[in-house]
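The next block holds one structure in the form of structure tokens; read it before the comments.
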Amino acid sequence: MTLHEPARFFANLLVPTSDPVGLRGRLAEHLGRHARCETTETGEVLLSSELGLSRLTLEAGGLRIAAESGDPTGLAYIKMIMADHVLELGEAGLALHWTGAGASGSPLPFFRAMTVTGVATVGRFRRLTLRGDDLGRFAEGGLHVRLLLPGEGVRQRWPVTGDDGRPFWPDGNPPPARVYTLRRLDVAAGEVEIDMLLHASHHDAPGAAFAERARPGDVVGMTGPGGGDLPEATDYLLFADETGLPAVVRMLAEMPAGRRVRAFVEIEDEDDRQALPSVAAAEVTWLYRRDGARLETAAASIGAGDLPPGTVVWGGMEHAARRAVFRRAVDVWGLPRDRLRLASYWRRGQAGTDHHHDD
């Protein structure tokens, strides 16, 4: 019997810089906040995460970055992240060119063209059903995707891999992009469901504007997945407003039996309630904003002694509410940051462009 090693994918980048030591240090400092960082006996800096591994090595003419991953998507993300940070932290005017897997002009492995096959109205959401090919990778690595939303009547040309590893738009005209949660994913059917919140003014919200006009046959771009991971625990405490509700739906649907969950969901009124099926022991409290109920108040009603040891707290909500829940979790409940997954999905008074993950 022959044993086969799992496939690995490799790429290399030589960054031409007059200060390779300084650039390597800045990359290690910034990327080390989200990846494991170590220095070998030979002086290599290793950065590793669930995406794969990067080796930062000094050599004549600059800094060598050797990236490897167990799948093309992980490698593509490493290349993109490295390029973004090198261009931010390195010298001005750098031209980057990766060699190896994922050649310039090739399809982005984390991109899919998705066709709208169904549209429904659920409370203040428009629920879009999208169909595409080869969605297995979207079942791991996070709950969220980024939708690329072409304008009405626009025939969009989609991005490919650029020389620097980042998405390259052939027509130089990327459409607006917004992050959403995969409320439901059926890999076998090649189908996802996404709930898109409708806003009072669609003109300032490309996502809501697209959701309002979407019809079967429309095509959108989808990249991902990312974000939304939950540490293993027996007990979970969840906080969400409408923007975080699709993530709560997905997490509860996938939560195994034997887990205990308390969820607080702030919505406008009764019309925005949704079914939240789960085999876990789930207790959901709906907070109606029209009656003055708020996530901040719900969090303030929970004392340190009310949480079982090892509880994980997750949240997806407005910025100020997120800050209040975070302060309560740290100052009163005494939870370490590695047990917190709290994010501000939007900020009152500002037209946001993306999720902003804080913890």
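All of the numbers you see were taken from the coordinates with simple rules; none came from a lab. Note that the coordinates shown come from a computational prediction; the quantities given were computed from them, not determined experimentally. Quick reminder, even Gly has a Cβ in these numbers, built from the backbone with ideal geometry, and neighbours come from all protein chains shown.
Springs join every pair of Cα atoms under 10 Å in this Gaussian network model of the chain, and among 331, 186, 272 the largest mean-square fluctuation is at 331. DSSP finds beta bridges in the range 122-278, and of those with both partners inside it, around 80 percent are antiparallel.
Tell me which GluC sites (Glu not before Pro) from the range 1-77 have a DSSP coil assignment and no more than 14 other beta carbons within 10 Å of their own.
Passing sites in the range 1-77 are 41, 50.
Checking the a/c ratio against 1.5 first, then a/b against b/c, what shape does the Cα gyration tensor give for the range 112-247? The shape class here is oblate. Taking every alpha-carbon pair under 8 Å whose residues sit at least 6 apart, the chain reaches a relative contact order of 13 percent.
In terms of its Cα atoms, the range 57-141 spans 59, 26, 23 Å along the principal axes, sorted from long to short. In terms of its C-alpha gyration tensor, the range 235-357 comes out rounded, because the ratio a/c of the largest to the smallest axis stays below 1.5. Starting from the Cα gyration tensor of the range 5-94, take the square roots of the eigenvalues, sort them a ≥ b ≥ c, and report rounded, prolate or oblate (rounded when a/c is under 1.5, otherwise prolate if a/b is larger than b/c, else oblate). Note, shape of the range 5-94 comes out prolate.
Which whole-number percent of Cα pairs in the chain have a distance greater than 31 Å? Here the long-distance tail beyond 31 Å is 42 percent of all Cα pairs in the chain. Within the chain, the whole DSSP H helices whose Cα atoms reach 18 Å or more along their own axis and whose mean Kyte-Doolittle score is at least 0.5 are 72-89. Site pair residue 92 and residue 215 shows an inter-label distance of 4.9 nm when each label is modelled 7 Å from Cα along Cα→Cβ. Over the residues of the chain, the helix contribution to mean residue ellipticity at 222 nm works out to -5000 deg cm²/dmol, using -39500 (n - 2.57) for each DSSP H run of at least 4. With a Förster radius of 22 Å applied to the C-beta separation of residue 297 and residue 337, the computed FRET efficiency comes to 0.40.
What are the residues whose amide H is under 5 Å from the amide H of residue 17, where those residues sit 5 or more places off or on another chain and H is modelled from the backbone? Residues meeting the criterion, in which the H sits 1.01 Å from N, are 62, 63.
Could you tell me what percent of the DSSP beta bridges with both partners in the chain are antiparallel, to the nearest 5?
70 percent
Using R₀ = 45 Å, calculate the FRET efficiency as 1/(1 + (r/R₀)^6) where r is the Cβ-Cβ separation of residue 113 and residue 41; round to 0.05. Step by step, r from the Cβ atoms, then E = 0.45. The calculated FRET efficiency for the pair residue 121 and residue 289, based on their C-beta separation and a Förster distance of 30 Å, comes to about 0.90.
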